[in-house]
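Chemist: Pasting a structure here, questions to come.
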Amino acid sequence: MAESEQTVLGIDVGGTKIFIGRITRNGCSSECKRYPMDRSTQDTALNSIWQAVDSYIADTQHLPRPVMAGLGLVGKVDSERGIWVGAINIPIRHSVEIAREFQERYDIKAVLANDVHAATIAEMRLGAGQQWNNFVYINVGTGIAAGIVNNRQLLLGSNFAAGEIGHMIVGSEEVLCKCGQTGCLEMLASGGDMIKHVKEITQAYPSSTLQPYIQSGELLVKHIFQAAQSGDALSEDMTKQAVKSLGQAIINVSVMLDTEGIILGGGLFQNEWFYEQLLKYVQGHSGLFAKSVRNLQLSALDPNNVGLLGAGCVAWRKYDSTVRSLNL
């Protein structure tokens with residue numbers, strides 16, 4: 001097969017859906033399909049993955065065989081050994097040798113990565129991270145996490161948890177996180193927890209313009225931001241808390257790591273107004289040592305596609321390194 005015809009499988013495993021597609025070396029995606037995820041138990045989640053891949057391969061068997069597969073997974077991932085160590089949002093309580101089982105099922109070599117780490121590799125290969133040797137990618141959506149790049153190498157951590165800044169303590173609020181701590185960034189600034197918190201305190205704001213969305217069960221983060229811009233007190237309080245918590249975390253990351261730049265991605269940053277509020281906070285509160293906040297910028301990669309693209313980039317990185325080692 002000519003190099004120009006080669007593709008890898010990108011498999012983005014999320015809490016609500018599984019997104020699979022073919023990715024070329026230069027980051028073009030095709031034949032993308034979404035499948036349901038049942039995260040009731042570990043077994044149902046794993047069955048959802050295998051059923052999705054079974055269906056995808058059956059539907060695309062007329063296409064050239066992919067040279068490798070990359071899977072982006074939530075939680076802790078041992079990329080070297082191909083093991084999904086554990087996760088909270090998808091109940092992976094016992095480690096699973098996903099890469100080995102994938103190859104046994106489909107005769108395609110597979111490599112794994114944490115989903116935000118995968119997106120970080122996409123930034124390094126195709127996005128804003130191309131310009132820097134040292135940077136941090138922060139993803140803010142349903143949850144919050146980061147990828148840390150030092151000298152063009154992704155830091156994984158001794159327990160595969162490097163970059164889990166969603167569990168950085170930035171507040172004194174007695175909001176219990178699933179991880180067991182209180183005051184976690186994710187509980188104060190993620191999209192999922194902003195919505196949850198609004199629903200919990202809504203009775204204290206009976207005249208809030210969010211009430212119709214809450215009562216209909218259709219509340220989205222964009223509704224909170226829109227209402228905040230119109231002066232809704234509940235929405236303003238939620239947004240200020242998110243901006244302050246996230247801003248503090250970004251400044252802390254900048255001081256601690258002294259990177260060249262910080263890239264912001266994820267669904268919350270599709271709202272330009274929210275990004276502007278965050279930028280004002282960071283610029284107004286960063287001191288002498290928070291140099292990298294001067295190079296704070298939004299990701300140019302599509303947040304709806306970056307997980308899939310990242311999984312593909314993980315596969316290409318592994319495939320290219322394997323080919324190079326064979327040619328030595």
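Chemist: Could you list log10 I(q)/I(0) for the range 6-83 at q = 0.11, 0.14, 0.20, 0.22 Å⁻¹, which the Debye formula gives when each Cα is one point scatterer?
Modeler: Computed log10 I(q)/I(0) values: -0.29, -0.47, -0.92, -1.07.
Chemist: Once fully extended, how much extra length lies between Gln130 and Asp237, figured as 0.36 nm per residue of separation less the alpha-carbon to alpha-carbon distance? Let's see the in-between values first.
Modeler: Details: separation 107, 0.36 × 107 = 38.52 nm, distance 3.69 nm.
Residue separation times 0.36 nm, minus the Cα-Cα distance, leaves 34.8 nm.
Chemist: Also, quick follow-up: Straight distance only, please: which aspartates and glutamates reach the Cα of Lys178 with their own Cα at less than 17 Å, same-chain residues fewer than 8 apart left out?
Modeler: In chain and number order, the partners are Glu164, Glu186, Asp193, Glu200.
Chemist: Same structure, new question: Calculate how steeply helix 306-327 sits against the longest principal axis of the alpha-carbon atoms of the chain, using the helix alpha-carbon long axis, and give the answer as 0 to 90 degrees to the nearest 10.
Modeler: Tilt relative to the chain: about 40 degrees.
Chemist: Sorted from fewest to most neighbouring beta carbons within 10 Å, what does the list Ser286, Ser40 look like?
Modeler: Values: Ser286 19, Ser40 11.
With the fewest neighbours first, Ser286, Ser40 line up as Ser40, Ser286.
Chemist: Take the alpha carbon gyration tensor of the range 246-328, find the square roots of its eigenvalues, order them as a ≥ b ≥ c, and report rounded if a/c is under 1.5; if not, report prolate when a/b exceeds b/c, else oblate.
Modeler: Numbers: a/c = 4.19, a/b = 1.76, b/c = 2.38.
In terms of gyration-tensor shape, oblate.
Chemist: A further question on this structure: Limiting things to C-alpha atoms, what are the Rg and the maximum Cα-Cα separation (Dmax) for the range 130-298, in angstroms?
Modeler: When restricted to the Cα atoms of the range 130-298, Rg and Dmax are 16.4, 52 Å.
Chemist: So if I take the centroid of the Cα atoms in the range 201-248 and the same for the range 256-328, what is the distance between those two points in Å?
Modeler: 27 Å
Chemist: Between the range 1-54 and the range 111-186, what is the separation of their alpha carbon centroids in Å?
Modeler: Result: 22 Å between the Cα centres.
Chemist: Quick check on the exposure proxy: order Trp273, Trp316, Trp84 from fewest to most C-beta atoms within 10 angstrom.
Modeler: On the way: Trp273 12, Trp316 24, Trp84 27.
In increasing order of surrounding Cβ atoms, one gets Trp273, Trp316, Trp84.
Chemist: Could I have the simple spin-label model distance between Arg294 and Lys222, label points 7 Å from Cα toward Cβ, reported in nm to one decimal?
Modeler: Roughly 3.6 nm, to one decimal.
Chemist: Could you work out how far helix 115-126 tilts from the main Cα principal axis of the chain, as a 0 to 90 degree angle to the nearest 10?
Modeler: It works out to around 70 degrees.
Chemist: Shifting gears a bit: May I ask which residue of Met68, Gly14, Cys28 lies farthest towards the positive end of the charge dipole of the range 1-101, with charges of +1 (Lys, Arg) and -1 (Asp, Glu) on Cβ and the Cα centre as origin?
Modeler: Gly14
Chemist: When the label point is put 7 Å from the Cα of Glu104 along its Cα-to-beta-carbon vector, which residues of the range 29-61 have a backbone N closer than 17 Å?
Modeler: 43, 46-51, 54
Chemist: Semi-axes of the equivalent ellipsoid of the chain: what are they in whole Å, largest first, if each equals the square root of 5 times a C-alpha gyration tensor eigenvalue?
Modeler: Details: eigenvalues 238, 109, 63 Å².
Working from the Cα gyration tensor, I get semi-axes of 34, 23, 18 Å.
Chemist: Sticking with this one: Over the range 165-239, what is the mean sequence separation of C-alpha contacts under 8 Å (at least six apart), divided by residue count, expressed as relative contact order in percent? Intermediate results must be reported in sequence, preceding the final value.
Modeler: Details: 81 pairs, mean separation 15.2, N = 75.
Relative contact order for the range 165-239 comes out at 20 percent.
Chemist: Let me ask something additional. What FRET efficiency comes out for Gln229 versus Cys179 if R0 is 30 angstrom and r is the Cβ-Cβ distance? Round to the nearest 0.05. Walk me through the intermediate numbers first.
Modeler: Values: r = 32 Å, r/R0 = 1.08.
The value I calculate is 0.40.
Chemist: I would also like to ask the following. With +1 on the Cβ of every Lys and Arg and -1 on the Cβ of every Asp and Glu, and nothing else charged, how large is the dipole of the chain about its Cα centre, in debye rounded to the nearest 20?
Modeler: Numbers: 27 positive and 32 negative charges, 100 e Å.
For this selection, approximately 480 debye.
Where a number appears in this text, it was derived from the coordinates with a stated rule and is not lab data. Worth saying up front: this structure is predicted, and the values here are computed from it rather than measured. Note: ideal-geometry Cβ built from the backbone for every residue, glycine included; neighbour counts use all protein chains shown.
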